[in-house]
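**Q** I'd like to ask some things about the structure below.
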Amino acid sequence: MQERASNSDPGHDSATESASSRETWPIEPNKSSGGGAATTIRIVDKDKELATKGVAEWQVIRRIPSTGRVTLREVARERVDLVAEKMKVMPDEALDEIKSELRSILEGTGGSHHVEEFLYLQKLVQNRVDFTPTTLLMTHHVQLEILVAIKTGIQEFLHPSVNLPVSHLAEVYLYKRCQNITCKSALPAEECRCNICSNRNGFCNLCMCVICNKFDFEVNTCRWIGCDVFSHWTHTDCAIRDEQIGSGQKINNGIAHPEMLFRCQACQRTSELLGWVRDVFQQCAPGWDRDALLRELEYVCKIFRLSEDSKGRNLFRRCDDLIERLRSGTAQSMSPRALLQALQDYLQVWCQFFC
C-alpha cells in the first residue's frame with residue numbers, strides 16, 4: 001500500500017481552493033507518492049493616478065514608514081527590496097509577531113473580518129507582476145514565507161518548526177515545486193505530461209486530488225482512490241460527487257455484467273472497485289482501531305450504495321450491518337483482537353465475491 005502525503009491551483013489562486021490549515025499539517029516527514037490503496041495498490045501601483053500627460057510609464061517608489069515594523073499589507077503591496085531592507089533590521093520578536101498575525105488570519109479566528117483581510121491580501125499578491133525568480137531570491141526569508149502563505153492559504157509555511165530555504169519557497173510561489181511541505185516534488189511531478197499536470201498551476205499528481213486539488217495526510221484508507229495508469233489520486237468523496245464512481249459494465253465471456261467502476265479524470269480509464277476494497281481491507285485493516293474501522297466501512301457503503309450488481313449490494317449490506325453493530329454498542333465490548341477477527345470473517349466472505 002502506498003502512502004499519501006497529500007494542493008494546487010487550477011489556473012488561478014483562490015482562498016477556497018487552497019488547502020485548509022487543518023488538512024495540511026506535516027505529520028509525515030517522508031516523501032510519499034501514495035494515497036490509500038489504489039485500484040492498483042507584479043507590482044502595479046493603482047493607488048495614484050498619473051497627472052502628467054505624455055508619460056508612457058511611471059514607477060511610483062513609495063517609502064515604508066519608519067515605524068519599526070512592517071505590516072502585512074506592506075509586504076503584499078510594496079517593492080521587494082524596500083520590504084527586505086526594513087525586515088533586515090527588525091528584531092526576531094517583531095518578525096515572529098507579523099507571522100503570528102497572518103497565522104491568525106488564515107485560521108479565521110477573527111470571523112468575517114479575517115476572511116475579508118485574507119482575500120484583500122491575496123488580491124494584492126495576485127496583482128503583482130514584479131515577482132520573478134530573480135526578485136524573489138532578493139527577499140528576506142520571513143518576507144517570502146509570508147508571500148507564499150498568502151498565495152497558497154497554507155499557514156504551515158509560517159510555523160516555527162518549518163524552515164524552508166528561500167530558493168524552495170520561491171519555487172513554490174512560482175508553481176515550480178509542490179506546495180505540500182512533506183512532498184516537495186519538483187513540478188510537474190515525475191515529468192507527467194497529462195492534461196491535468198500540464199494545465200493546472202501547482203498541481204502535483206503524487207499527492208493531490210485531481211478534482212479538488214487538495215492534499216492531506218490520510219494513509220491506508222478508502223478515502224483515496226488511485227489510478228493504475230498515471231498514478232493520480234482522487235478523494236473518494238470528490239469522485240462520488242462528480243460522478244466518477246458509478247455502475248458500469250464488465251464483459252466476461254461475451255456477456256455484460258454490471259459492477260461498480262471508478263473513472264480517473266486524468267486518463268478517463270476505468271478500474272473496478274470490489275477488488276480495490278478487498279486489497280485495502282486485507283492490507284490495512286490490522287492497523288485500524290475501532291473508530292478507523294467504522295470510518296472505512298462508511299466509505300465502502302458510500303461507494304456501493306447505488307450498486308446494481310449482486311456482489312456490490314451484498315457487500316453494502318454486510319458493511320452496513322457491521323456499522324450498526326459498532327454504533328449500537330454490540331461490538332463496543334469486543335476486544336480489538338476479537339473485532340479484527342470479526343472483520344476478517346467478513347473479508348473471507350468478500351473474497352468469495354472477488355475470486
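**Q** (1) farther than 30 Å from residue 194 by Cα; (2) part of a helix (DSSP H, G or I); (3) open to solvent by 70 Å² or more (accessible area, probe 1.4 Å): which one isn't true of residue 314, the others all being true?
**A** Here residue 314 clears every test but (3).
**Q** While we're looking at this one, here's another question. For the range 218-281, list the strands (runs of 3 or more DSSP E) that sit wholly inside it and hold at least 3 residues that are more than 16 Å from residue 205 (Cβ to Cβ) and open to solvent by 20 Å² or more (accessible area, probe 1.4 Å); which are they? Steps first, please.
**A** Details: elements: 224-226, 233-235, 245-252, 255-263, 270-272.
Correct list: 245-252, 255-263.
**Q** Of the numbered conditions (1) small (Gly, Ala, Ser); (2) open to solvent by 40 Å² or more (accessible area, probe 1.4 Å); (3) under 20 Å from residue 69 (Cα atoms), residue 112 fails exactly one; give the number of that condition.
**A** (3)
**Q** How many residues are open to solvent by less than 20 Å² (accessible area, probe 1.4 Å), within 30 Å of residue 130 (Cβ to Cβ) and either among the hydroxyl-bearing types (Ser, Thr, Tyr) or part of a helix (DSSP H, G or I) (or both) when one looks only at the range 175-217?
**A** Count: 4.
**Q** Answer with yes or no whether residue 222 is under 14 Å from the mean Cα position of the chain (by Cα) and closer than 21 Å to residue 302 by Cα.
**A** no
**Q** Out of the range 207-230, which residues are among the aliphatic types (A, V, I, L, M) and either at pLDDT 90 or above or at positive phi (or both)?
**A** Passing the criteria: 208, 210, 211, 225.
**Q** Search the range 155-174 for residues being modelled with pLDDT under 95 and assigned to a loop (DSSP other than H, G, I, E, B), and hand back the single one that is farthest from residue 97 (Cα to Cα).
**A** Top of the filtered list is 165.
**Q** Is it true that residue 131 is open to solvent by less than 30 Å² (accessible area, probe 1.4 Å), in a helix (DSSP H, G or I) and of a type outside the set (D, E, K, R)?
**A** no
**Q** If I go through the range 207-243 residue by residue, how many of them are among the charged types (D, E, K, R) and within 20 Å of residue 181 (Cα to Cα)?
**A** The first filter runs over the range 207-243 and keeps only residues among the charged types (D, E, K, R), leaving 214, 216, 218, 223, 228, 237, 241-243.
Filter once more, so that each one left must be within 20 Å of residue 181 (Cα to Cα): 214, 216, 218.
Residues that pass the stated criteria total 3.
The values are calculated or read from the model by the stated rules, or taken from the named source; none is laboratory data. The model shown is predicted, which means the values in this text are computed figures rather than measured ones. Please note: Cβ atoms are built from the backbone with ideal geometry, for glycine as well, and neighbour counts cover all protein chains shown. Just the protein is used for accessible areas: all its heavy atoms, side chains included, with ligands, DNA and RNA removed. Shrake-Rupley method; radii C 1.70, N 1.55, O 1.52, S 1.80 Å.
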